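**Student:** Before we start, here is the structure in question, set down as structure tokens.
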Amino acid sequence: MSLESFLYMGGYAVYVWPSYALTAVVLIANVILPVLQRKQLLRQISLRQKREKR
Amino acid sequence: MTLTAAFFAIIRRDLLLAFRRRAEMANPLFFFVLIVTLFPLAVGAQPQLLQTMAPGVIWVSALLAALLSLDSLFRSDFEDGSLEQMLLSPHSLSVLVLGKIIAHWLVTGLPLLLVAPLLALFLGLPEQAMGTLWLTLILATPLLSLIGAIGVALTVGLRRGGMILSLLVLPLYVPVLIFASNAVDRAASGLPVGAQLNILLAMLLAALVLVPLPTSAALKMSVN
Amino acid sequence: MSVIPAAVSRFFHRTASSPHFYALADRFIPWLTAIFILLLAAGLYGGLYLAPTDYQQGDSYRIIYIHVPAAWMSLFIYVLMAIMGAIALVWHMKMAEVMLVASAPIGAGFTFIALVTGSLWGKPMWGTWWVWDARLTSELILLFLYLGVISLYGAIEDKRAAARAVSILALVGVVNIPIIHYSVQWWNTLHQGPTVSKMGKPSIHVEMLVPLLLMAVAFKFYYLIAALQAAKLELLKREASSQWVKTLLEKQA
């Protein structure tokens with residue numbers, strides 16, 4: 001099977017690939033967002049601690 | 001005071017309070033009739049169409065009217081501190097809560113039975129369905145008050161809990177809506193409705209037993 | 001309690017302490033991620049490439065490899081949330097609260113995926129984007145249940161109280177899910193909508209089934225990773241000013 005016919009999905013590419021893309025977006029967002037928010041929170045906490053030390 | 005006496009005292013107190021604010025009591029009723037009036041204006045006044053839609057329209061309106069009235073269930077008690085007194089009282093909170101829910105239904109649910117004939121008239125519901133409409137209202141409006149009580153207890157501490165309350169409660173109303181409107185629908189076409197009414201009765205009995213527990217737990221959470 | 005062996009109760013007490021849980025999550029996440037990627041790769045390769053084309057639905061059926069596992073996860077996570085809610089209410093276990101709160105957005109995400117992929121699958125099969133099919137309808141109501149949990153938790157400012165509230169809500173929801181599910185199914189058989197012959201029960205080929213199961217297990221691992229990440233964030237938010245967070249930061253610096 002060639003790559004082209006694989007991507008063509010027997011004519012259903014318009015339905016299959018957006019489904020997979022949306023799933024990827026939602027799943028990645030649900031992992032990445034907490035990680036980013038945690039990094040930001042840790043930065044804030046360490047800044048606050050430095051201020052308190054002074 | 002015994003538990004039974006406390007239970008009836010709560011009901012009597014809430015009925016008395018509601019009676020003193022008669023004007024507020026009528027609001028959900030007007031709201032109910034008003035929503036039903038909106039439907040012919042929105043979809044057109046073809047008698048055939050309205051008649052097919054009647055059970056659904058009446059039940060969706062009843063749901064919304066019940067939702068609107070829910071806020072009064074614990075709100076004033078929460079604000080004036082009598083809810084805290086109930087929590088401190090030696091009696092089982094679940095039983096007192098059940099008393100409050102019953103009083104609330106007597107004030108907001110029962111009057112819907114009085115306007116039911118008017119709605120049937122508005123929408124051209126066949127007369128043979130009137131009895132079933134009444135029966136479903138008797139069985140299912142207490143269910144609406146019971147299920148709604150959990151949602152109110154969870155949101156009573158919030159300043160703007162109204163939107164969240166509807167988001168919490170309406171999905172839980174789905175089975176009631178399905179069985180009740182379907183019973184009226186079938187009665188309108190002269191079919192037997194025993195199954196639907198039995199299911200509603202079963203749900204009502206289950207809710208009577210189960211609802212006070214999470215409601216009182218949620219009230220404890222809200223008051224603290 | 002004497003019913004529980006000492007080792008088990010020690011394990012629970014240690015995992016129940018925030019720094020220990022945090023460190024444990026950090027240690028597990030790389031392994032979980034590795035297993036997840038392996039399962040995902042195998043599932044996708046099997047599902048998108050190896051599995052034969054369906055004789056009725058053509059290649060459109062390949063949406064099944066995300067649609068069905070996502071739908072399973074949406075229910076599975078809600079039930080888990082209710083279990084954690086019960087644990088949180090009965091034993092006041094903080095970690096159960098945190099995991100419950102962390103799970104809600106993930107469950108809502110899977111429910112959303114199941115709905116949208118169901119709609120994308122339905123378009124070529126039914127000819128419309130949406131039909132009031134029993135499964136799609138109850139999935140939609142499930143999404144509302146998730147949104148209720150998320151918004152109730154967000155609305156209550158005291159997070160301990162908020163966690164208690166969502167624990168109660170999750171338990172009430174889980175009792176109602178079967179009732180909603182069966183009532184919707186019953187409603188659907190009465191108001192016979194468009195027939196779903198093509199979406200009925202296909203006799204599923206082994207080569208099609210294996211990737212489906214692989215994807216289902218992969219999604220379970222994904223859930224663990226995402227829930228642990230969200231739980232770490234939630235813990236830090238709650239205990240930002242505690243001693244263990246301070247030592248954690250010092251270690252990192």
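**Student:** In the stretch A:14-30, how many are open to solvent by less than 40 Å² (accessible area, probe 1.4 Å) and aromatic (Phe, Trp, Tyr)?
**Tutor:** Count: 1.
**Student:** Within the stretch C:211-253, which residues are surrounded by fewer than 17 Cβ atoms within 10 Å (Cβ to Cβ), among the basic types (Lys, Arg) and at the interface with chain A (Cβ under 8 Å from one of its Cβ atoms)?
**Tutor:** Within the stretch C:211-253, C:Lys237, C:Lys246 meet the criteria.
**Student:** Here's something else I'd like to know. Scan the stretch C:50-66 residue by residue and report those that are out of contact with any Phe, Trp or Tyr (no Cβ under 6 Å at 6 or more places or on another chain), open to solvent by 20 Å² or more (accessible area, probe 1.4 Å) and more than 7 Å from chain A (Cβ to nearest Cβ).
**Tutor:** Hits for the stretch C:50-66 are C:Leu50, C:Pro52, C:Tyr55, C:Gln56, C:Ile64.
**Student:** Can you say whether B:Val152 is open to solvent by 20 Å² or more (accessible area, probe 1.4 Å) and over 22 Å from C:Thr189 (Cβ atoms), as far as the supplied structure shows?
**Tutor:** Criteria not met by B:Val152.
**Student:** Which members of the stretch C:102-131 meet the condition of being more than 10 Å from chain A (Cβ to nearest Cβ) and open to solvent by 20 Å² or more (accessible area, probe 1.4 Å)?
**Tutor:** C:Trp126, C:Gly127, C:Thr128, C:Trp129, C:Trp130
**Student:** Then there is this: Testing C:Ala23 on (1) modelled with pLDDT of 85 or more; (2) crowded, with 16+ Cβ neighbours inside 10 Å, one condition comes back false. Which one is that?
**Tutor:** (2)
**Student:** Still on this structure: Being at the interface with another protein chain (Cβ under 7 Å from one of its Cβ atoms) and either β-branched (Val, Ile, Thr) or part of a helix (DSSP H, G or I) (or both) narrows it down to one of A:Ser5, A:Ser46, so name that one.
**Tutor:** None of the other options fit; the residue is A:Ser46.
**Student:** Out of B:Ser69, B:Ser61, report the one residue that is under 21 Å from B:Phe179 (Cα atoms), open to solvent by less than 70 Å² (accessible area, probe 1.4 Å) and of a type in the set (S, T, N, Q).
**Tutor:** So the residue among B:Ser69, B:Ser61 that is under 21 Å from B:Phe179 (Cα atoms), open to solvent by less than 70 Å² (accessible area, probe 1.4 Å) and of a type in the set (S, T, N, Q) is B:Ser61.
**Student:** What number of residues within the stretch B:101-116 satisfy the criterion of being open to solvent by less than 50 Å² (accessible area, probe 1.4 Å) and either in a helix (DSSP H, G or I) or of a type in the set (Lys, Arg) (or both)?
**Tutor:** 11
**Student:** While we're on this one: Find the residue count for the stretch B:72-100, including only residues that are open to solvent by 30 Å² or more (accessible area, probe 1.4 Å) and of a type in the set (Val, Ile, Thr).
**Tutor:** Residues in the stretch B:72-100 being open to solvent by 30 Å² or more (accessible area, probe 1.4 Å) and of a type in the set (Val, Ile, Thr): 1 in total.
**Student:** Mind counting the residues in the stretch C:132-177 that are more than 9 Å from every other protein chain (Cβ to nearest Cβ), under 17 Å from C:Trp72 (Cα atoms) and open to solvent by 60 Å² or more (accessible area, probe 1.4 Å)?
**Tutor:** 1
**Student:** If a residue must be over 17 Å from A:Tyr20 (Cβ atoms) and in contact with a Pro (Cβ under 6 Å, 6 or more places away or on another chain), how many such residues does the stretch C:44-60 contain?
**Tutor:** Qualifying residue count, the stretch C:44-60: 0.
**Student:** Consider only pairs whose beta carbons are under 6 Å apart and that are at least six residues apart or on different chains; among these, list those whose first residue lies in the stretch A:20-39 and is facing chain C (nearest Cβ under 8 Å) and whose second residue is surrounded by 15 or more Cβ atoms within 10 Å (Cβ to Cβ) and among the polar types (S, T, N, Q).
**Tutor:** Close Cβ pairs satisfying both conditions: A:Val31/C:Gln229; A:Pro34/C:Gln229; A:Val35/C:Gln229.
The values are calculated or read from the model by the stated rules, or taken from the named source; none is laboratory data. Quick caveat: nothing in here was measured; it's all calculated off a predicted structure. Every residue, glycine as well, gets a Cβ built from its backbone with ideal geometry; the counts of neighbours run over all protein chains shown. Just so you know, the surface numbers come from the protein's heavy atoms only, side chains and all, with ligands and any DNA or RNA stripped out. Shrake-Rupley method; radii C 1.70, N 1.55, O 1.52, S 1.80 Å.
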